[in-house]
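Okay, structure first, notes after.
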Amino acid sequence: MTYGGQTGGQGGGHRPPPPGRRPPQGRHQQAQMMRVPGGAGARQAPRQPQRTRVAPAPQQPPPRGRAPQAPPSQPRGPRKKRLSFGKVLLALFLVLVLALGAVWFYLDSSINRIDALPDYEGRPAAAEGTNWLLVGSDSREGLDEDQRAKLSAGDAGGQRTDTIMLVHIPDNDTPPTVLSLPRDSRVEIPGHGVNKINAAFAFGGAPLLAQTVEQATGLRIDHYAEIGFGGFANVVDAIGGVEMDIPKEMRDTKTGIVIPAGTQTLDGAQALGFVRMRYSDATPRSDLDRVANQRKFIGALASEIASPATLLNPFDVFPLLGAVPDALALDTDDGLSDLVGLAWALRGIGDGGVVTTTVPVTSSSAESWDPAKSEALFEALRTDSPIPEDALME
């Protein structure tokens with residue numbers, strides 16, 4: 001019999017489905033479409049890789065009493081560094097140190113130097129303390145006619161010394177001493193016989209003057225400083241003048257300079273007139289009063305330069321730095337540090353911290369030294385001992 005339009009036979013055809021059951025839909029078509037494994041044209045379908053799922057790590061519970069931390073925020077860009085106040089202060093300090101070093105080098109290399117202290121046979125041996133020879137030269141070199149007229153310098157040629165001072169700085173607690181040597185003092189000048197002491201400077205300059213002072217006093221000179229007319233006035237003007245108390249009007253009958261009485265600030269020209277004046281009613285002892293005034297002014301000048309009002313004022317400091325190199329001449333072995341030490345020692349003249357005196361003389365002409373008193377004074381300086389009272393004079 002036929003079923004589904006197919007002829008039955010042995011080994012052929014399909015069996016009819018049992019009664020009451022319907023053949024499954026689509027199985028015959030599915031069977032025909034499947035390929036036999038290993039048969040021709042068989043192709044294995046590629047195996048898809050299995051994805052492995054990793055279980056997240058167990059999170060530790062936050063400790064008791066502490067709130068869970070929030071997840072870290074997203075990283076930001078680089079932050080700009082801000083300079084702290086300390087770093088700014090350090091930078092300014094370094095700039096200041098470098099500037100001071102440059103100024104120090106400039107001054108030390110710009111100051112004029114002369115070979116003022118050459119060695120010679122018979123030179124006094126070094127003793128206690130340190131000795132400076134300070135010289136105020138009356139040389140007019142470098143001054144034009146207007147400057148000479150302003151400073152009342154006159155037309156004298158050559159070079160002499162209106163000021164000769166010996167400054168002794170002790171090694172112990174004995175106060176420093178500023179000793180004036182009157183310019184008219186008659187002493188032995190090596191190679192020139194007996195003459196006024198300031199003639200040594202005219203004969204042989206700084207070396208002969210230093211040797212003359214050493215031979216006359218028995219004190220070895222360790223440092224030398226010299227300042228001229230113009231340089232002295234320029235230094236005074238650079239710091240805005242020096243305040244002085246003038247007890248009596250000073251009227252120089254020779255130069256015509258007049259300095260009124262009272263406390264006032266002297267400019268360079270007035271200061272030069274003050275330290276040189278000896279022909280006036282205010283200076284009856286002539287050269288002795290002049291050297292006393294010179295010591296007073298040197299003390300006031302040193303105090304003015306060392307005062308904070310000057311050192312912290314750029315309008316005073318920079319003109320002073322510009323005036324010092326041209327004003328001073330030092331020995332070849334002296335440096336700026338030696339000069340600073342001298343200024344520091346002289347700062348106490350005004351308040352009595354420095355002994356100021358003149359070589360004891362026998363008369364107001366100041367030509368002859370008192371042998372006993374002057375030797376006692378020189379011996380005290382050699383040994384850093386207090387100067388005997390009877391060897392001190394104004």
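The values are calculated or read from the model by the stated rules, or taken from the named source; none is laboratory data. Not measured: the values here are computed from a predicted model. Neighbour counts are summed over all protein chains in view; Cβ atoms, including those assigned to glycine, are modelled from backbone coordinates with ideal geometry. These area figures cover heavy atoms from the full protein model, side chains too; ligands, DNA and RNA do not enter into them. Shrake-Rupley method; radii C 1.70, N 1.55, O 1.52, S 1.80 Å.
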If you count, for each residue, the other Cβ atoms within 10 Å and average over each peptide, how do 201-207, 159-165, 363-369 line up from highest to lowest?
159-165, 201-207, 363-369
Rounded to one decimal in Å, the inverse mean reciprocal Cα-Cα distance for the stretch 183-301, i.e. its Kirkwood radius, is 15.8 Å
Note, the stretch 159-170: 3J(HN,Hα) by Karplus (6.51, -1.76, 1.60, θ = phi - 60°), whole Hz, Gly/Pro = x, goes 9, 9, 10, 7, 9, 9, 10, 10, 9, 9, 10, x
Taking protein heavy atoms only, a 1.4 Å probe, and rounding to whole percent, the accessible area of the stretch 205-302 owed to carbon and sulfur comes out at 47 percent
Taking amide H positions as placed 1.01 Å from N in the peptide plane, with prolines and chain starts having none, which residues 5 or more places from ILE246, or on another chain, fall under 5 Å of its amide H?
GLY262, THR263, GLN264
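What is the sum of charges around GLY299, taking Lys and Arg as +1, Asp and Glu as -1, for the other residues whose C-beta is under 13 Å from the C-beta of GLY299? Don't jump to the answer; show the numbers that get you there.
Values: positive: ARG295, LYS296, ARG347; negative: GLU243, ASP245, GLU304, ASP351.
It works out to a net charge of -1.
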Which whole-number percent of Cα pairs in the stretch 269-394 have a distance greater than 25 Å?
39 percent
